[in-house]
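Single-structure report; data block below.
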Amino acid sequence: MRRLFQRSGRMKNLATSRDGCTRSTSWITYMDGTTKTASSSCRYVFVGRLGIVRYTTATILHIREWLPHGEEKVLLLQLQEGPTFNQRNVTPAEEKVMKQRTARSRAARCAIARDTRRSADGMRPALHTQNMTTYFSRLDVQLQEELKKTAEAILASGKGILAVDETNEGIGKLLKNVGLENTENNRRRYRELLFTTPDLAEHISAVILYDETVYQKTDDGTPFIELLNKLNIIPGIKVDKDVTALFLSEDEMTTQGLDDLGKRCAAYKKQGCRFAKWRCPVKIGLNTPSVRAINDTATILARYASICQSEGLVPIVEPDVLLDGDHDIERAQKVTEVVLAAVYKALNDHHVFLEGTLLKPNMVTPGQGCTKKSTPKEIAIATRTALLRGVPAAVPGIAFLSGGQTEEEATLNLNEINKVQGKKPWILTFSYGRALQASVWQTWAGKDENLVKAQKELLKRTKANGLASLGNYEAGTAISAAGDETNYSANYKY
Ligand code: 13P
């Protein structure tokens with residue numbers, strides 16, 4: 001039989017195939033000097049020389065282009081010349097180095113696969129390690145669906161979020177104002193008042209709880225979370241561990257709580273929470289916010305959001321550009337735009353599934369000390385403009401914080417924001433703390449006999465804001481106990 005080829009064999013570990021595995025490649029050198037390779041799994045194009053007599057792992061660097069799917073018939077290996085591979089010309093020392101490198105790169109790929117919870121199948125190792133933002137593992141499809149559904153349920157038409165996630169210290173000040181001691185039971189009594197408000201679910205789709213509240217019960221022993229679920233109100237949880245000074249900054253802050261966040265999220269999920277909230281305050285001053293503070297805020301929010309999603313909680317992302325200061329509305333708008341752009345860049349870098357998130361931003365208003373006041377319409381236009389510039393349309397909804405506005409201001413501004421003509425890719429609703437509770441505190445005054453009246457105050461505000469979330473609120477139609485009283489206090493700690 002005529003001899004068609006002069007040598008053949010298998011080259012081990014020549015390169016890494018697109019599915020992340022190291023495989024051997026068969027080769028044949030024909031009598032006419034051409035070399036053909038065959039491999040069921042390795043589809044790559046080499047450019048440049050492979051070297052006449054030896055192959056080394058350096059050849060891997062010559063991979064320039066992965067063949068797209070569906071082009072299996074394209075030449076597997078393109079050689080510029082007709083070299084012959086000769087394993088015997090690889091010295092034992094080279095062979096050893098090659099093996100070490102291959103083992104190292106495989107270990108690195110496996111680590112990435114572990115971290116991203118994806119099997120090594122389908123990974124493109126070289127590109128994956130070089131460019132984390134373009135190659136990543138998508139969230140499990142079922143998890144995506146779950147997160148999306150929760151986010152959409154929170155955004156039910158004409159409804160918003162009741163934020164009752166004051167820290168024990170924060171609620172302590174409010175209890176003191178009504179002459180009560182800051183005890184576990186008094187904190188529980190107040191929250192029971194809120195959750196047992198008849199018809200609360202008419203305009204409230206979700207509540208944000210504080211850690212302690214997750215485990216508390218009503219007087220008759222019903223866990224708060226069970227009660228909320230029965231009402232079709234989704235329980236969520238504040239997971240940041242509050243602010244601390246950003247060292248060597250101009251009075252800026254950073255937030256804490258990332259270290260054990262995964263574990264805490266898993267525990268809250270088990271208790272029945274379906275979403276989380278993390279607030280990062282941003283201060284406007286002469287030289288602030290600094291780039292460092294903005295980047296810090298963005299990265300922290302992105303890490304938080306990614307951890308929440310990994311545990312099945314919808315993250316509410318809250319960059320809060322504070323009312324503190326005497327800046328005008330233009331400055332507030334620019335800062336809000338810059339912060340939002342940084343936050344969404346970071347969320348994308350961290351592969352956060354945007355459809356399974358919500359944004360809780362400040363409205364764009366002049367600083368508390370600014371002498372030039374703005375109308376609700378001006379606030380609405382500045383807010384919508386900033387959001388359109390910084391928030392991707394993939395985000396399903398935006399639930400504003402009230403940030404120290406009076407109850408009526410917060411309602412009027414939300415109403416105008418929804419009335420402004422033009423593009424509006426998200427649902428725009430409320431996630432108020434102070435602007436839903438100021439009248440409740442004032443009316444309750446810590447006395448059981450005022451409970452029903454206080455609950456009615458809560459309903460007035462939830463209804464007014466429910467209407468405002470649809471742009472249907474008539475100014476002045478919800479007269480509540482604390483209507484026009486300011487809720488602002490400098491350096492407010494929630
Ligand atoms: P306010 O509406 O009082 O600003 O509350 C903000 C907040 O983050 C509560 O969760």
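The values are calculated or read from the model by the stated rules, or taken from the named source; none is laboratory data. Treat the numbers as computed from the prediction; the structure is a model and nothing was measured. Glycine also receives a Cβ, built like all others from the backbone with ideal geometry; neighbour counts cover every protein chain displayed.
Couple of notes before you dig in:
- The listed residue being closer than 21 Å to residue 176 by Cα, charged (D, E, K, R) and out of contact with any His (no Cβ under 7 Å at 6 or more places or on another chain), out of 456, 493: 493
- Single unsatisfied condition, residue 268 versus (1) more than 26 Å from residue 381 (Cα to Cα); (2) touching a Pro at 6+ places or on another chain (Cβ under 7 Å); (3) crowded, with 23+ Cβ neighbours inside 10 Å: (2)
- Residue 429 in contact with a strand residue (DSSP E or B) (Cβ under 9 Å, 6 or more places away or on another chain) and more than 30 Å from residue 182 (Cβ to Cβ): yes
Quick grid of which residues meet (1) within 14 Å of the ligand (Cβ to nearest atom); (2) surrounded by fewer than 15 Cβ atoms within 10 Å (Cβ to Cβ):
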site: 144; (1), (2): no, no
site: 148; (1), (2): no, no
site: 158; (1), (2): no, no
site: 163; (1), (2): yes, no
site: 173; (1), (2): yes, yes
site: 219; (1), (2): no, yes
site: 226; (1), (2): no, yes
site: 231; (1), (2): no, no
site: 239; (1), (2): yes, no
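- Odd one out for residue 292 among (1) more than 15 Å from the ligand (Cβ to nearest atom); (2) crowded, with 17+ Cβ neighbours inside 10 Å; (3) of a type in the set (Lys, Arg): (2)
- The criterion of at least 3 residues that are in contact (Cβ under 8 Å) with a residue 60 or more places away in the chain is met, among helices (runs of 4 or more DSSP H) falling completely within the stretch 145-232, by 168-177, 184-195.
- In the stretch 430-482, residue farthest from the ligand (Cβ to nearest atom) [restricted to those that are in a helix (DSSP H, G or I), over 34 Å from the mean Cα position of the chain (by Cα) and not charged (D, E, K, R)]: 452
Residues checked against (1) outside any helix (DSSP H, G or I); (2) in contact with a strand residue (DSSP E or B) (Cβ under 7 Å, 6 or more places away or on another chain); (3) surrounded by fewer than 17 Cβ atoms within 10 Å (Cβ to Cβ):
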| residue | (1), (2), (3) |
| --- | --- |
| 281 | yes, yes, no |
| 298 | no, no, no |
| 302 | no, no, no |
| 317 | yes, yes, no |
| 330 | no, no, yes |
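- The condition (being of a type in the set (Asp, Glu) and either farther than 28 Å from residue 438 by Cα or outside the structural domain of residue 286 (by TED's automatic domain parsing) (or both)) is satisfied by just one residue among 409, 355: 355.
- Single match in 212, 184, 192 (criterion: away from the ligand (no atom under 14 Å from the Cβ), within 17 Å of residue 268 (Cβ to Cβ) and charged (D, E, K, R)): 212
- Residue within the stretch 413-427 that is within 14 Å of residue 487 (Cβ to Cβ), within 16 Å of the ligand (Cβ to nearest atom) and at pLDDT 95 or above present: yes
- Qualifying residue in the stretch 252-259 (condition: farther than 18 Å from residue 168 by Cα, in contact with a Leu (Cβ under 7 Å, 6 or more places away or on another chain) and of a type in the set (D, E, K, R)): yes
- Every residue from the stretch 332-356 that is within 15 Å of residue 394 (Cα to Cα), assigned to a loop (DSSP other than H, G, I, E, B) and touching a helix residue (DSSP H, G or I) at 6+ places or on another chain (Cβ under 6 Å): 352, 353
- Filter result for residue 240 (under 30 Å from residue 295 (Cβ atoms), in contact (Cβ under 8 Å) with a residue 40 or more places away in the chain and in a loop (DSSP other than H, G, I, E, B)): yes
- Among (1) under 16 Å from residue 400 (Cα atoms); (2) buried (at least 17 other Cβ atoms within 10 Å of the Cβ) - the single one residue 473 does not satisfy: (1)
- Check on residue 215, closer than 23 Å to residue 432 by Cα and loosely packed, with under 14 Cβ neighbours inside 10 Å: yes
- Output for the stretch 384-406, where each listed residue is of a type in the set (S, T, N, Q), within 15 Å of the ligand (Cβ to nearest atom) and within 13 Å of residue 364 (Cα to Cα): 402, 405
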